[in-house]
Amino acid sequence: MHIKMVALDMDGTLLHDDHRLSPKNRATIQELSAHGVDIVLCTGRSPSSTLPYLDELGMDGIVITHNGAATVQSVGRKVLHSFEMTQEELSPYLAFCEQHDLHFDLNTTFDLFVTHYEALTPEMLGLYAQFRIEPKGFPGWDQLESPVVKMTISGEKERMDKIEEELAKWDHKLQCIRSGDYFIDVMHAEATKGNALKKLSAIRNVDQKNILAIGNYYNDLTMIQFAGIGIAMDNSPEDIKEAADDVTLSNNDDGVHAALVKYCKSII
């Protein structure tokens, strides 16, 4: 099978736990790109915290961000596609967070807003900084320059486990997906990495069978299932591994490099 597009999750997959891109992963990705393979970073991050990694790779390209809610071309920061939400659709989730004193943020394609900016602790600011994000105070719905594409509820793992159980009882018009131990994302019902990758493959005229996708968590499942070859990291939950076609090494052991060498050996 000739791979023409590689979709890579970032945190827990491409990046080591210190959020760094290893020399081995970098070199292998650069070699594939030089041979004409489309490299697509597919992440829960925003474009502003994703595009610097393309710069680090020395590449232009397309990134699927906000877990599929916004697909952006790096050249000119052009939005190719987005799944948007309204204030009315989000109002039950906003009320739930206020009622339970839960921290949340609202993301447009390029900006992240918090409603109580003055209450952000140094720890919260440090967490955002790890993801190369600078939060802004929410200006009000009428002042937003672009639509909201993702709402993220965050907190300690044990509390997020309980919140996830509570939200599972709702009759949702939007979707809630666990994107990490500390995060629950609220998005448009059709906003998934798999759907975004499907739309991008049509734009780039790449057949589904010629796509390889690598991820490690529940928000990666749809793209792992959509791709011709879907690979889970060794650090993935067991049910993600079971859904994948293969399992590679962990993110800290350069599992992306190992998988690309195994499945793209005819190219590199």
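The P(r) of segment 65-125 has a tail past 15 Å containing 62 percent of all C-alpha pairs.
Keeping the other protein chains in place, figure out the carbon and sulfur percent of the accessible area of segment 2-142, with a 1.4 Å probe.
50 percent
As a rough guide to protection, the peptides 58-65, 29-36, 190-197 ranked by mean Cβ packing within 10 Å, highest first, stand as 190-197, 58-65, 29-36.
Normalised by 2.2 N^0.38 Å, with N the number of residues, the alpha-carbon radius of gyration of segment 14-95 equals 1.29. Helix 193-204 against the longest principal axis of the chain: what's the angle in degrees, Cα atoms only, rounded to the nearest 10? The two axes meet at around 50 degrees. Between 0 and 90 degrees, the angle of helix 23-34 with respect to the longest Cα principal axis of the chain falls at about 70 degrees.
Based on DSSP H runs of at least 4 residues, each adding -39500 (n - 2.57), what is the mean residue ellipticity at 222 nm of the chain after dividing by all its residues, to the nearest 500 deg cm²/dmol? Could the numbers behind the result be given before it?
Numbers: 9 runs with 85 residues, N = 268.
Value at 222 nm, helices only: -9000 deg cm²/dmol.
For the chain, the solvent-accessible area of protein heavy atoms averages 47 Å² per residue (probe radius 1.4 Å; ligands and nucleic acids excluded). Relative to the dominant Cα principal axis of the chain, helix 87-99 is inclined by about 70°. Quick one: Debye curve from the C-alpha atoms of segment 141-268, no solvent, what's log10 I(q)/I(0) at q = 0.10, 0.12, 0.21, 0.23 Å⁻¹? So the normalised log intensities work out to -0.40, -0.57, -1.25, -1.33.
In the structure shown, the pairs Lys4/Lys193; Lys78/Lys198; Lys24/Lys198; Lys241/Lys262; Lys136/Lys173; Lys150/Lys262 are assessed against 24 Å; a Cα-Cα span above that value is assigned to Lys24/Lys198; Lys136/Lys173; Lys150/Lys262. Candidate values (i) -0.30, -1.09; (ii) -0.42, -1.07; (iii) -0.38, -1.13 were compared with log10 I(q)/I(0) by the Debye sum over Cα atoms at q = 0.08, 0.15 Å⁻¹ computed on the shown model; the agreeing label is (i).
The values are calculated or read from the model by the stated rules, or taken from the named source; none is laboratory data. Since the model is a prediction, treat every value here as computed from it, not as a measurement. Reconstructed Cβ throughout: ideal geometry from the backbone, glycine too, with neighbour counts over all protein chains shown. With ligands, DNA and RNA removed, areas are computed over all heavy atoms of the protein, side chains included. Shrake-Rupley method; radii C 1.70, N 1.55, O 1.52, S 1.80 Å.
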